[in-house]
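The values are calculated or read from the model by the stated rules, or taken from the named source; none is laboratory data. Please read all numbers here as calculations on a predicted model, not as lab measurements. Cβ placement follows ideal geometry from the backbone for every residue including glycine, while neighbour counts extend to all protein chains displayed. Ligands, DNA and RNA are excluded from the accessible area calculation, which covers all protein heavy atoms including side chains. Shrake-Rupley method; radii C 1.70, N 1.55, O 1.52, S 1.80 Å.
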Amino acid sequence: MFRHPDPEVLVVGAGPVGLVAALSLQQHGVRVEVVDMHKRTTQHSYALAIHPRTLRILDEAALSEALIGAGRKLTKVAYYEGRERRAEIDYSALASQHPYLLVVRQSLLERAAEEALRRKSLKVLWGHRLQALTVDGGTLRAEVAELDQVATGYPVARTEWLVVRSETIRPTYVIGADGYDSAVRRMSGIEMEEHGAGQIFSVYEIEATGELPAEVRVILDPDLTSVYWPLEEGRCRWGFQIRDAAEHAPSMERLEQLIAARAPWCTARPTLIYWSTLGLFESRLARSFGNGGVWLAGDAAHQAPPVAVQSMNSGLLEARELAARISQIQYAGRAPSLLQEFATQTHQSWQGLLGAGRAVRALPGADPWVRQTGARILACIPASGDDLEPLLKQIGLTAAP
C-alpha cells in the first residue's frame, strides 16, 4: 500500500486540512503519506469562504492563485435585523495582500491541493482506514486497512466496506485531520468538551432570478441567525438557523417561507434548489490538541457555529503550523516541546473563539444595536488573526483586553 513502509508523518484525513498539512510537509522535505477512508473528496459541504489570513497561508502552498481564479471576491459583510441594515464591515480597508473574502467551494480547494500533491508524486490513499493506533516503547504503530466496497443483500441491495488487506507502519508522527468523528482522536483517548449549545441550520443552494446582492448578509433576529452567501452569477446559498430539525424541508415552499420571514429585503425569486441539507453545528473543543507523536488539526479538534467559517480556516493554519514545527524538530534540531507550545497556544485561541476567555466590548460612540448585539456579531465575522480587530473597530467594537 505504502511507497515506503515508515513515513515520517502519517496524515489521516484528506479534506482541506489534511491535504494542506501533507503539502506543507512535502515542501519542508518531510516524508508523508495521506490516507482517507472515503473514495473521493467531498461534493457538498458548508465550508465556503476563505479568510484573508488563510489566503496568505495558501500563497505559501502555491494554491491561492488557482483558487482566486475559480472563486469570487467579496469585500463586504452586512448585518441585518429583519429588513433593517444595522452595520457593515469592509474588508477592502484591511492592510492585507488579500483584502477580501474568497468564496470558493471546499471541493475546489481539495481538488487543487490533491493535484498539487500529485505533481509532487504523492497520491492520496483513498479507501484506506486507520484501524489501530498504539504506542509501543515510545514507537508509534499505525495499522491501516485497505477497503473495498461491495454490494450485498437480496432483495434490497446495500453496500458494505470490506477489508482487503492491512499493513502496520511506524511513523514518527500522526496528524489527525479526519474530521468530526476523528478516529485518531478516539484512539488517542482525547475527549471533547462542549462549549455551548449546538445550532441547527437549514441550508439551501439555489438558482434565482432578480437582484442577488454582491455581499455576505448576516441576519441577527432576536433568537436565530441566518446568512446569505452570493456564489457565481444567478446562484446563492442560504443558511437558516432553526429550533428543531423537523422545521427543515428541502422544498421551494419552505425556502420561500424562510426568505420571507428572515430576509424581507430579498427581492430575488428562487427558481431551482440545487441541493439542500440539514446541519447540526456543535461548539466543541478537544481537551488537548495532542501529545507525543499524535496531533490534531481542524474539525478533529474543534467544531464551531458555521457563519464565520472558523473551523476550516483555523484548521488550515493549524496544518501549516504542525508541518513547520515537525520539520524543525526533524531537521533543525528543535526540541519536541515546540509541538506542545503549538497545542497550548491553539487551545487558548479556540477557547476565545468559542466564547470562553474573550469578550467583546463597545467603543465610545458605538451604535446602540451594535453595542447590544456585539457578542453575536463577533461570532459571525468571517475573519481571524490580526484581521479581526480592525474589522471590529469599523463598527465600534473591540476584542482587545
With touching a Pro at 6+ places or on another chain (Cβ under 9 Å), buried (at least 17 other Cβ atoms within 10 Å of the Cβ), in contact (Cβ under 8 Å) with a residue 24 or more places away in the chain and among the small types (Gly, Ala, Ser) as the only criterion, which of Ala21, Ala47, Ala66 stands out? Ala47
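To keep it simple, each residue is scored yes or no on (1) assigned to a loop (DSSP other than H, G, I, E, B); (2) within 16 Å of the chain's Cα centre (by Cα).
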| position | (1), (2) |
| --- | --- |
| Glu211 | yes, no |
| Ile219 | no, no |
| Pro222 | yes, no |
| Glu256 | no, no |
| Thr271 | no, no |
| Thr277 | no, no |
| Ser288 | yes, no |
| Gly315 | no, yes |
Among the residues of the stretch 97-105, is any within 26 Å of Gln27 (Cβ to Cβ), open to solvent by 10 Å² or more (accessible area, probe 1.4 Å) and without any contact (Cβ under 8 Å) to a residue 40 or more places away in the chain? no
So which of Leu378, Leu285, Leu322, Leu339 is on the phi < 0 side of the Ramachandran plot, touching a strand residue (DSSP E or B) at 6+ places or on another chain (Cβ under 8 Å) and open to solvent by 10 Å² or more (accessible area, probe 1.4 Å)? Leu378
Within the stretch 350-372, identify whether any single residue is among the aromatic types (Phe, Trp, Tyr), in contact with a strand residue (DSSP E or B) (Cβ under 9 Å, 6 or more places away or on another chain) and in a helix (DSSP H, G or I), and answer yes or no. yes
Are there any pairs with C-beta distances below 6 angstrom linking a residue in the stretch 371-383 that is free of Cβ contacts under 8 Å to residues at least 60 places away in the same chain to a residue that is in a loop (DSSP other than H, G, I, E, B), with the two at least 6 apart or on different chains, and if so which? Gly374/Val360; Ala375/Val360; Leu378/Val360
If I filter the stretch 52-66 for residues that are out of contact with any Asp or Glu (no Cβ under 6 Å at 6 or more places or on another chain), closer than 15 Å to Gly18 by Cβ, small (Gly, Ala, Ser) and in a loop (DSSP other than H, G, I, E, B), do I get at least one hit? yes
Return a yes/no flag: does the stretch 306-313 have any residue that is more than 20 Å from Pro16 (Cα to Cα), open to solvent by less than 20 Å² (accessible area, probe 1.4 Å) and in contact (Cβ under 8 Å) with a residue 12 or more places away in the chain. no
Taking Thr209, is it more than 26 Å from Cys380 (Cβ to Cβ), of a type in the set (S, T, N, Q), surrounded by fewer than 20 Cβ atoms within 10 Å (Cβ to Cβ) and touching a residue at least 40 places away in the same chain (Cβ under 8 Å)? yes
Strands (runs of 3 or more DSSP E) wholly inside the stretch 87-169 that include at least 1 residues being at pLDDT 95 or above, closer than 30 Å to Asp6 by Cα and within 22 Å of the chain's Cα centre (by Cα): 128-136
Would you say Val164 is on the phi < 0 side of the Ramachandran plot, in contact with a strand residue (DSSP E or B) (Cβ under 7 Å, 6 or more places away or on another chain) and open to solvent by less than 10 Å² (accessible area, probe 1.4 Å)? no
Give the residue, chosen from Ala78, Ala47, Ala21, that is at pLDDT below 95 and among the hydrophobic types (A, V, I, L, M, F, W, C). Ala47
Could you identify the single residue in Gln351, Gln303, Gln328 that is touching a helix residue (DSSP H, G or I) at 6+ places or on another chain (Cβ under 7 Å) and open to solvent by 50 Å² or more (accessible area, probe 1.4 Å)? Gln328
